[in-house]
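Here's the structure we're looking at; comments come further down.
All of the numbers you see were taken from the coordinates with simple rules; none came from a lab. This one's a predicted model, so the numbers in the text were calculated from it and none came from an experiment. Heads up, the Cβs are rebuilt from the backbone with ideal geometry, glycines too, and the neighbour counts pull from every protein chain shown.
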Amino acid sequence: MFLIVAKYLIPKGYRGMAVFPFVVLKYDFDKNNPVFVNHEKIHLRQQLELLVLPFYFFYVLEYLIRLLQYKNKDLAYRNISFEREAYANETDLNYLKKRSYFRVFKYITLK
């Protein structure tokens, strides 16, 4: 994993994103935020498991489905299974050590 601070690469309203094998941050101080970095590391693991490109395809597809479901972009984003897993486990800094493969599928159920 490589941490990069690139303020202008991050979309408005976001502080960072994982693009395998990089974690791109908007602000330098987030490099020292273990919970935030852990959230992005969870995304890196998801990307690796799905061989990177399919991750992005499924991420966007699920976002569009959730957008139709919730008719709210923030709710749609928060309910993408990849985000649900990352948010649910970001405070557990040992999560990736004990996480089973393809754990994200536990979070795919419609709410």
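Rounded to the nearest 20 Debye, what is the dipole magnitude of the chain about its Cα centre when Lys and Arg each give +1 and Asp and Glu each give -1 at the C-beta?
Here the chain has a charge dipole of around 180 debye.
Plugging the Kirkwood radius over Cα pairs into Stokes-Einstein for the chain, at a temperature of 37 °C and a viscosity of 0.692 mPa s, what D comes out in µm²/s?
228 µm²/s
As a test, work out the antiparallel percent of DSSP beta bridges whose residues both lie in region 2-107, rounded to the nearest 5.
Percentage antiparallel, nearest 5: 50.
Could the peptides 92-104, 1-13, 56-68 be put in order, highest first, of the mean number of other beta-carbon atoms found within 10 Å of their residues?
Descending mean neighbour count gives 56-68, 92-104, 1-13.
Counting Lys and Arg as +1 and Asp and Glu as -1, what is the net charge of the other residues whose Cβ lies under 12 Å from the Cβ of VAL5?
+2
Pulled fully out, how much extra length does the chain show between ASN32 and LEU68, if you take 0.36 nm times their separation in residues and subtract their Cα-Cα distance?
Length gained between ASN32 and LEU68: 9.3 nm.
For region 29-86, what does the relative contact order come out to in percent, with C-alpha contacts under 8 Å and a separation of six or more?
Relative contact order, region 29-86: 28 percent.
Residue by residue, what Karplus-based ³J(HN,Hα) values in Hz, rounded to whole numbers, does region 72-88 have, using 6.51, -1.76 and 1.60 with θ = phi - 60° and x for Gly and Pro?
8, 5, 6, 5, 4, 4, 5, 9, 5, 4, 4, 6, 4, 5, 5, 5, 5
Once you order the gyration tensor axes a ≥ b ≥ c over the Cα atoms, which shape class does region 48-103 get: rounded for a/c under 1.5, otherwise prolate or oblate by comparing a/b with b/c?
It comes out oblate by the Cα gyration axes.
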